[in-house]
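Undergrad: Right, I'll just put the structure down here and ask away after.
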Amino acid sequence: MTTRRRFLQVASASGLAACSGPAPEVEETPPPTFSHTLGAQLYTLRYILPDGPAEVLKKLAAIGYEEAEVLQAGFSDLGPLIADAGLKPKSMHMLPPVVTGSWGDMEKPADASVEAVADIAATAGISYLVMPYLLPVDRGTDLDHYKKLAEKLNAAGAAAKAAGLGFAYHNHAFELEPIEGSTPLDTLIAETDAATVQLELDVFWVSVAGHDPAETLRRHAGRVPLVHLKDKAAGLATQFNEKVTPETFKEVGNGSIDFAAVLAAAKETGVKHYFVEQDQTQGDPLASLRQSYDHIRSLAV
């Protein structure tokens, strides 16, 4: 009995000592960082791809990029090399006249219709066709002009859907210029079929036009399956055109856009594909893409 009583006394004292002493240190678990698959828009690499496309694409994959956004022009040659590098082409930027019909002095390629481009894209495993740019000659000064463009986008979206593909319109800054109490972008969104015409939101150009990219993503929730990620130098005044200096384009994390907020909004609103793009780089574009990749991966989102 004495031994048992002594054991209980010691155990009790030990317990009190443990309670009164310093609490054990608990390692804090760092918040998860952004882990969604990342892709690159190959336009960023346009100046170095011709000299060694296979090697450049393998270096791109080695950075960690898994997806690529490709251009209609030249895809027939690059497609096999993209696959060999282990990259998955997920989106294709079409020649703008394929949608608008405004070829002007441009030479028509064999794949000059949405249907023809869609056949090529579907065969390559591409998921989206994108109207990447409205040429200045095709832009208007009133909203009726953009309502007519919306009709062409609806037709393109229907053709893409018939081939099992999605279709999106890629913005620049001019679509956000106030006109008649609205903007061209709001008009295009309102006048197109949400089931067949979506948006590839370029956060750089949204910011150039003086808008918050994260807020814009939330405003168009459900219509933005694709985003372009690139940063913008601080101090640029709001403008509604593409006349920015090359130095305005920055690697993600090297400029003024809050990318933690952008990526959080993108996750909330259902973005499926993230493409890093830098229209102009001050040095090696692969180094630029690596810097953007590393910063995105470091963000707690």
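What follows draws every value from the coordinates through simple rules; no lab data is involved. Please read these numbers as outputs of a predicted model, since none were measured by experiment. Reconstructed Cβ throughout: ideal geometry from the backbone, glycine too, with neighbour counts over all protein chains shown.
Undergrad: For the chain, modelled as a GNM with alpha-carbon contacts under 10 angstrom, which of GLY222, GLY164, GLY235 fluctuates the most?
TA: Most flexible of the set in this elastic network: GLY235.
Undergrad: Among THR123, THR238, THR192, determine the one that fluctuates most according to a GNM of the chain built with springs between C-alpha atoms less than 10 Å apart.
TA: The residue with the greatest mean-square fluctuation here is THR123.
Undergrad: A further question follows. Can you find, among TRP205, GLY166, LEU263, the residue sitting farthest towards the positive end of the charge dipole of the chain, where Lys and Arg contribute +1 and Asp and Glu -1 at Cβ?
TA: Toward the positive end, the furthest listed residue is LEU263.
Undergrad: While we're here: ASP202's amide H: which non-local residues (gap 5+, or another chain) put their own amide H closer than 5 Å, with H modeled 1.01 Å from N in plane and none for Pro or chain starts?
TA: Placed amide hydrogens put ASN171, HIS228 under 5 Å from ASP202.
Undergrad: Continuing with the same structure: Working out 0.36 nm times the residue gap between GLU115 and ALA83, then minus their Cα-Cα distance, what length gain in nm do you get to one decimal?
TA: Answer, rounded to one decimal: 9.2 nm.
Undergrad: If you don't mind, there's one more thing I want to ask. Residue by residue through region 61-72, what is 3J(HN,Hα) from phi via Karplus (6.51 cos²θ - 1.76 cosθ + 1.60, θ = phi - 60°)? Round to whole Hz and write x for glycine and proline.
TA: Once rounded to whole Hz, the list reads 5, 5, 5, x, 5, 10, 10, 9, 9, 10, 9, 4.
Undergrad: Based on other C-beta atoms within 10 Å, arrange PHE249, PHE167, PHE275 from fewest to most.
TA: Ranking PHE249, PHE167, PHE275 by Cβ neighbours within 10 Å, fewest first, gives PHE249, PHE275, PHE167.
Undergrad: Then there is this: For LEU71, what residues show an amide H to amide H distance below 5 Å, using hydrogens built from the backbone and excluding near sequence neighbours?
TA: Excluding prolines and chain starts, which carry no amide H, the hits are HIS93.
Undergrad: Taking region 121-216, which GluC sites (Glu not before Pro) meet the DSSP loop condition and have no more than 14 other C-beta atoms within 10 Å?
TA: Counting only loop positions with at most 14 other Cβ atoms within 10 Å, the GluC sites (Glu not before Pro) in region 121-216 are GLU180.
Undergrad: Pop a pseudo-label 7 angstrom from the Cα along the beta-carbon direction at both ALA300 and ALA162 and give the gap in nm to one decimal.
TA: 5.1 nm
Undergrad: Residue separation times 0.36 nm, minus the C-alpha to C-alpha distance between GLU242 and TYR47: what's the value?
TA: 68.2 nm
Undergrad: Given springs between every Cα pair under 10 Å in a Gaussian network model of the chain, which of VAL137, VAL114, VAL56 has the largest fluctuation?
TA: The residue with the greatest mean-square fluctuation here is VAL137.
Undergrad: Could I have the simple spin-label model distance between TYR133 and LYS108, label points 7 Å from Cα toward Cβ, reported in nm to one decimal?
TA: Rounded to a tenth, the inter-label distance reads 2.2 nm.
Undergrad: ³J(HN,Hα) across region 173-188 via Karplus (A = 6.51, B = -1.76, C = 1.60, θ = phi - 60°), whole Hz, x for Gly/Pro?
TA: Using θ = phi - 60°, the values come out as 8, 5, 5, 9, 6, x, 9, 6, x, 9, 9, x, 5, 4, 5, 4 Hz.
Undergrad: Hey, another quick one. Starting with the fewest neighbours, write out SER35, SER288, SER127, SER182 ranked by other beta-carbon atoms found within 10 Å of each beta-carbon.
TA: Starting with the residue having the fewest Cβ neighbours, the order is SER35, SER182, SER127, SER288.
Undergrad: Output the antiparallel fraction of DSSP beta bridges having both residues in region 33-298, as a percent to the nearest 5.
TA: 10 percent
Undergrad: Now a separate question. When PHE174, PHE259 are ordered from fewest to most other Cβ atoms inside 10 Å of their Cβ, what list results?
TA: The most exposed by this proxy come first: PHE174, PHE259.
Undergrad: What list of ³J(HN,Hα) couplings, whole Hz, do you get for region 137-146 from phi and the Karplus terms 6.51, -1.76, 1.60, once you set θ to phi - 60° and write x for glycine and proline?
TA: For region 137-146, the Karplus curve yields 5, 9, 8, x, 10, 9, 6, 4, 4, 7 Hz.
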